[in-house]
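Working notes for the structure below.
The values are calculated or read from the model by the stated rules, or taken from the named source; none is laboratory data. The shown structure was predicted, so the numbers you read here are calculated from the model rather than taken from an experiment. Ideal geometry is used to build each Cβ from the backbone, glycine not excepted, and the neighbour counts take in all protein chains shown.
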């Protein structure tokens, strides 16, 4: 299946796009480019502007300022049906009175594709999503995961240059979500020319699927990079805490090094003077002796199968450590020593109000 859409080509560009409702800015001067064939995840909490950005691409909201480009073509003033995009939303939006094959054919009929061609396009899309044997069923006869596959098949049937996914897995249970993540990854491999913009608040989905992640907060773009870049070297505290779990410790950087309270911390690389935040991922913290030792008291223990998550009070702060399952785990109140390597710590600028 090759993308054809409306001939605009693949790729998405937001050029200082601002969207406002009744004077309330919900997307603030977004500049972002999705390369042809790239999967870009828009990750952020509710109200961050990520769904508004997606709807601006689809044509369902009109920017107050700025322009939207698809494949290099300015589509800001075009109606949705002329943009050549496929869209999948959280609640599937299947027509309950239509059979699966009729649901998948809906967009093709709206585009006035010749009837002789529709049947083959529908069969192709259903086979691609593993639903080839279900064409004659009604949505009520399908599981949630199967309904979502049909919604994706409907979006793919029009052979879009751009595929928009708005929280497509959030209504599924954990097992189905994991399976659909694998299916979406497979689809991306089979459709390497299609650009995908994927809205989610689930960091696992973003880390699993995306080539790059755009982190949104309060209507603005906070950071953009590959999953590894954002996870290993986040630009700020918000990104560190939203892309994976993070320990964020207030530290002071002086001529003598990095201090957490009265305790000296070794950090690799150059360190700017002044107040800062030390970011250490929980799985990079060990239990027992090692570099950057931090003695403390256990305040909470969570068994997670392969790991124990320990919450330890250290010098007025609380650290989270994910350690390999312990045969003899500590109990609440036990004194323990945590440690982490200098190269596993990242210094971030202190947020406003940092003491």
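Listing for the model above:
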item: Test for residue 125: is it crowded, with 18+ Cβ neighbours inside 10 Å, under 29 Å from the mean Cα position of the chain (by Cα) and assigned to a helix (DSSP H, G or I); result: yes
item: Residue within the range 101-122 that is buried (at least 19 other Cβ atoms within 10 Å of the Cβ), assigned by TED's automatic domain parsing to the domain that holds residue 86 and touching a residue at least 60 places away in the same chain (Cβ under 8 Å) present; result: no
item: Selected residue (only one of 270, 237 is within 29 Å of residue 325 (Cα to Cα) and either more than 24 Å from the chain's Cα centre (by Cα) or surrounded by fewer than 21 Cβ atoms within 10 Å (Cβ to Cβ) (or both)); result: 237
item: Among (1) touching a residue at least 12 places away in the same chain (Cβ under 8 Å); (2) more than 22 Å from the chain's Cα centre (by Cα) - the single one residue 144 does not satisfy; result: (2)
item: Count of residues meeting criterion [assigned to a loop (DSSP other than H, G, I, E, B), surrounded by 14 or more Cβ atoms within 10 Å (Cβ to Cβ) and within 15 Å of the chain's Cα centre (by Cα)] in the range 46-74; result: 2
item: Single residue of the range 308-334 satisfying the filter (free of Cβ contacts under 8 Å to residues at least 24 places away in the same chain and assigned to a strand (DSSP E or B)) that is surrounded by the fewest Cβ atoms within 10 Å (Cβ to Cβ); result: 324
item: Options 169, 221, 163, 156: the member that is in the same structural domain as residue 41 (by TED's automatic domain parsing), in contact (Cβ under 8 Å) with a residue 12 or more places away in the chain, within 11 Å of residue 42 (Cα to Cα) and surrounded by 22 or more Cβ atoms within 10 Å (Cβ to Cβ); result: 221
item: Among (1) within 16 Å of the chain's Cα centre (by Cα); (2) closer than 20 Å to residue 40 by Cβ - the single one residue 189 does not satisfy; result: (1)
